[in-house]
Amino acid sequence: MNGTVVLITGAASGIGLAVARVCVTQGAQVWMWDRDPEVFAAAATLGEAARAVVVDIADEDGVAAAEAALVHLPPTHLVNNAGMVGRAMRFDAMAARDIERVLAVNITGTLLVTAAFLRAKATHPAAGIVNMASIAGLNGGAPGLAVYGATKGAIIALTSAMARDLAPALRVNALAPGIIDTGMQDEIFADRNALQAQSTAIPLARIGTAEEVAEAAMWLLFGAPYVSGETIRVGGGRK
């Protein structure tokens, strides 16, 4: 993977870190963006192939500052992984502030980062983008998390639009993970027992791992030259 540089958002932990780890293992260099300063420690575990930047992707000025650093190592691929679940809300008790933050991170942030990537990117014969959607974008999400589900549905729509508008220079696809054992699940389930109980509704009878989602991302980035505009479930058979 000489000359391959992958920009990954939400890379301090979970799926983003797993993607960064497998990219480096395969010989790529990575930019790791996250609003959590722990991204520096995460990048340090990957050695000189990783560079970290603290940035809130919903902040246009912050993204612009992070983009400026890309001139030193222009990216060739992008994984739009950063996102947030937000506070559970009933339909009769919606709060604009909470809605707007989820929209800002999951939709506006994805668009701002994609724009920065397009301005900064280097050419690559197999360039591609992977957007992180969710099964919630297909089934509406867990009770109380309709806003999250709606934003992930928007990511699926954006993926189709980006695949059309950025072709043939870039392939654009999305992943729709199911229940994956990452820190994000702590925002949804009360405890580990509640999380593990979800496996009864999964055909493969277990929770997925961040590494399994990362492997799917790698396939879309580097092993699927005639795949674009698709959203692929990574959910153990769960719909």
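Under 5 Å from the amide H of T182 lies no amide H of any residue 5 or more positions distant or on a separate chain, with H modelled from the backbone and absent for Pro and chain starts. A protection proxy built from the mean count of other Cβ atoms within 10 Å ranks the segments 114-121, 161-168, most packed first, as 114-121, 161-168. The ranking of H124, H77, H72 from fewest to most other beta carbons within 10 Å of each one's beta carbon is H72, H124, H77.
Mean Kyte-Doolittle of at least 0.5 and a Cα length of 27 Å or more along the axis: which whole DSSP H helices of the chain meet both? For the chain, where a helix must reach 27 Å along its axis and average at least 0.5, the hits are 146-166.
Listed from fewest to most Cβ neighbours within 10 Å, the set Y226, Y148 follows the order Y226, Y148.
Overall shape of segment 5-234 was characterised from the C-alpha gyration tensor. The equivalent ellipsoid obtained from it has semi-axes of 26, 19, 18 Å, in decreasing order.
Where a number appears in this text, it was derived from the coordinates with a stated rule and is not lab data. For clarity, every value in this text was computed on a predicted model and none was experimentally measured. Using ideal geometry, Cβ is built from the backbone for each residue, glycine included, and neighbour counts are taken over all protein chains shown.
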